[in-house]
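Derivation of every value follows stated rules applied to the coordinates shown; laboratory data play no part. What you see is a predicted model, and the numbers here were worked out from it, not measured in a lab. Please note: Cβ atoms are built from the backbone with ideal geometry, for glycine as well, and neighbour counts cover all protein chains shown.
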Amino acid sequence: MIEPPVVKMPPVPIAAAAARPRRERRKPYTKPAPEPQMANTEPPVKTSAIGELTSGGAEANPRSQQEAADMIAANEKRLNALPSQILDEQKAQISKVKNFQRQAQEALSSGDAEGAKTLATKAKLLLDDLSK
């Protein structure tokens with residue numbers, strides 16, 4: 001008979017060594033070095049390309065506030081005129097409309113006419129979808 005060749009095998013792993021896997025240490029974060037800035041020969045521009053930005057607060061014109069108030073009132077009138085069948089079927093959509101209306105009224109009360117008009121327009125578009 002032929003004898004099988006002798007093969008050296010690696011040692012059998014022990015379960016105790018596998019119980020505690022080694023964790024890799026994270027390297028601490030270091031900020032990248034700032035790039036050196038080139039000397040600027042032009043003076044800085046003092047005016048913005050889009051103009052002055054305002055918060056839309058007390059500087060809003062009365063006409064804009066009136067338009068927002070009219071839009072909110074028109075939406076309320078349309079919402080109250082909806083048939084009860086639509087009110088029952090589209091509760092989620094109507095809830096969204098009422099939420100936009102409430103937010104629009106709050107924005108108008110705080111003096112943000114543009115924000116109020118935007119929110120009232122969203123409510124109007126949702127109302128348009130309901131009436132289709």
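Quick notes
- Those lysines that a straight Cα-Cα span of less than 24 Å connects to Lys27, excepting residues fewer than 8 apart in one chain: none
- Length gained on full extension, Thr30 to Ser95, computed as 0.36 nm times the residue gap minus the Cα-Cα distance: 18.4 nm.
- Computed from the Cα positions only, the extents of the stretch 62-131 along the three principal axes stand at 38, 17, 16 Å, in decreasing order.
- Whichever lysines have a C-alpha closer than 24 Å to that of Lys122, once near sequence neighbours (fewer than 8 apart) are set aside: Lys77, Lys91, Lys96, Lys98, Lys132
- Averaged over residues, the count of other Cβ atoms within 10 Å places the peptides 96-105, 121-130, 1-10 in the sequence 96-105, 121-130, 1-10, highest first.
- Taking Lys and Arg as +1 and Asp and Glu as -1, the other residues whose beta-carbon sits under 9 Å from that of Ser64 total 0.
- Distance between the 7 Å Cα→Cβ label points at Asp70 and Asp88: 3.7 nm.
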